1. In nm, to one decimal, how far is the B:LEU18 label point from the A:LEU270 one, both placed 7 Å along Cα→Cβ?
2. At a Förster radius of 25 Å, what calculated FRET efficiency corresponds to the Cβ-Cβ distance of B:LYS48 and B:TRP9, to the nearest 0.05?
3. Given the options B:GLU197, B:GLU153, B:GLU209, state which has the largest fluctuation in a GNM of chain B using a 10 Å cut-off (strictly under) for Cα springs.
4. Assuming 0.36 nm per residue, please report the length gained on full extension of the stretch A:GLU85 to A:TRP67 beyond their Cα-Cα distance.
5. What length, rounded to one decimal in nm, is gained on full extension from A:VAL189 through to A:GLU125, with 0.36 nm per residue of separation minus their alpha-carbon distance?
6. Would you calculate the volume per residue, in Å³, of the smallest convex hull containing every Cα atom of chain B?
7. Viscosity 1.002 mPa s, temperature 20 °C: what is the translational diffusion coefficient of the protein assembly as shown from Stokes-Einstein with a Kirkwood Rh over Cα pairs, rounded to a whole number of µm²/s?
8. Which distance in nm do the two modelled labels at B:ALA100 and B:VAL71 give, with both placed 7 Å along the Cα-to-Cβ direction?
Amino acid sequence: MNASVDDAAIFARQGLQIAQPVARHVAQPRLSTRFGWLAQYAANAGLGLLLPGLLLALWSVTCQRHWVAEQILPPPAAVVDALYEVVQSDELLTHVRITLFRLASGLLIGGSVGLVLGFGMALSERVKAYVLPSFQWLAQLPVLGWIPLLIIFVGIEEPLKVSVVSIAACVPMSLGSMNAIRNIPRNLVEVGRVFQFSVWQLIRRVVLPAAAPGLFTALRQSVTQAWLAVIFVELLSSSEGLGFLMAYSRSLAQIDLVIVAMLVIGVLGLLIEGALQLLEQGLLGWRRSVF
Amino acid sequence: MKSLESWNWRGWVLPVFLLAVWQLATAQHWVNTKLIVPPIGVLTTGLKQVTQTDFYVGIVLSLGRDIGGFVAGALAGVALGVVVGVSSLADRVLSPTFHAARQISLFAWLPLLSALAGTGELSRVIFIAFSVLYPVALGTIEGVRSVSTGHREVARVYGFTHWQLLRRLILPSAAPQILGSLRLALIIAWMATIGAEFLLVNDTTGLGEIVFKGRRAFDVELILFGLLIIGLIGGSAGQLASRLETHWLRWRAPIR
């Protein structure tokens with residue numbers, strides 16, 4: 001837009017600024033090589049690795065120059081050594097297996113209880129009226145709060161860990177599945193009624209597919225909560241598992257093992273989330289959505 | 001305001017029933033009263049606690065850490081979210097690290113943090129701020145991404161400066177998502193406060209420490225009372241956040 005001098009004067013008097021034709025948000029500059037897309041991908045990957053690379057460099061320098069005592073922050077090489085050692089001695093595998101077992105059993109128990117409760121509350125107005133307020137009230141208390149009580153009732157062995165993880169997984173699963181079912185569009189249920197579906201058919205052909213996305217969100221939430229719970233309870237009082245490994249190494253000031261355990265937890269988290277996504281793709285691949 | 005007739009009495013049936021069963025079970029000694037204490041005992045212990053200054057000091061300290069960490073984490077989260085949401089370069093540099101670090105379960109950071117920063121107040125506040133950072137940043141990114149292009153163009157026509165862009169376009173547009181994530185972050189912050197107090201045992205006082213003391217002394221009444229207070233504070237904080245959110249967003253037209 002070409003503004004004349006008069007316009008500029010008018011605007012200036014009013015203390016305003018003419019909008020200059022700004023460069024619109026251009027698409028990212030494409031590298032004009034034959035393998036443009038590959039170069040683009042590499043550029044993005046490079047940018048993404050920039051920050052971790054910087055942090056790694058900072059870490060190495062800090063340790064080399066001894067700005068921090070070695071007991072507090074071991075150099076990256078020590079972490080790699082510790083990783084190698086602990087993988088070799090099968091110790092890591094044992095701990096991982098135990099943690100995963102607790103996670104899985106807690107998810108199974110808590111998840112199924114939560115699912116049943118959620119279904120019940122969503123499908124029956126009465127059940128919801130009786131159960132939901134107490135549930136919401138219980139959900140206010142963070143799961144970790146239950147632990148001292150559970151320790152006194154159940155001891156500190158395996159039942160404690162599994163029950164904590166179950167409780168942690170139950171709450172988001174039930175609230176989430178209740179919401180998922182409540183958000184099913186009415187017309188779908190009506191179509192089911194027109195076809196005179198039995199309750200079982202209704203559930204299998206209408207409710208489950210329609211609620212599936214919401215159910216997956218609920219599942220993701222309860223997996224996150226279960227992870228939090230299992231790590232917490234293992235840090236607090238356990239004699240094996242990844243959390244125990246961390247607490248133990250921390251008490252022995254073996255921070256390199258602590259970092260190894262953190263990395264393993266991160267990788268496991270990634271794998272589990274990847275598995276969930278694969279599952280979701282497989283079950284919900286038929287969905288066509290706008291985005 | 002609901003009238004007395006439409007008061008949802010059905011929600012109270014279950015808790016009152018369980019409370020009655022509990023009281024009966026302990027009065028008739030059907031259960032080991034050392035483990036399953038009578039509810040009256042919880043009340044009396046509670047009343048005893050409420051008269052001690054230690055209790056209030058503990059609550060104030062816990063809340064102080066909670067709020068301090070929450071504010072620090074929320075500010076950092078909004079700043080990070082705005083930067084990542086607005087600039088695609090920042091997104092490509094920061095997001096991978098951000099999402100990778102998110103995989104490591106929250107409490108897994110605590111041992112490393114306690115090694116680097118000790119078990120005192122500082123590491124607790126840092127931990128709480130860190131726990132708040134992620135949800136707030138994620139919500140802010142979502143909010144920034146939902147700024148409508150129409151509004152953006154109006155801002156361009158008016159020649160907004162960067163600061164005006166932030167204050168008058170981005171933050172109000174993203175406000176629903178930001179406030180929603182702040183509400184979630186409040187719950188997470190309270191959980192992180194209590195968790196940090198359990199794990200970073202120290203000589204200072206706090207609500208978590210009270211519960212811990214109860215556990216060590218096998219004083220189930222103290223534990224239960226502590227849990228009650230923790231739940232009450234968490235619940236009222238959630239309610240307060242809800243009210244504030246509705247109040248601040250009342251300019252929003254209702255969806256239906």
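1. My value for the distance between the label points is 4.1 nm.
2. About 0.15, to the nearest 0.05.
3. Result for chain B, Cα springs under 10 Å: B:GLU153 fluctuates most.
4. On the way: separation 18, 0.36 × 18 = 6.48 nm, distance 2.67 nm.
Full extension from A:GLU85 to A:TRP67 adds 3.8 nm.
5. Values: separation 64, 0.36 × 64 = 23.04 nm, distance 1.61 nm.
So the extension gain works out to 21.4 nm.
6. Numbers: hull volume 47.8 nm³, N = 256.
Looking at chain B, the number lands at 187 Å³ per residue.
7. Working: Rh = 26.8 Å.
Answer, rounded: 80 µm²/s.
8. 3.5
Taken together, the values in this text are just the output of simple stated rules run on the coordinates, not laboratory data. These numbers were taken from a predicted model, which means no experiment stands behind them. No Cβ is skipped: glycine too gets one built from the backbone with ideal geometry, and neighbour counts run over all protein chains shown.
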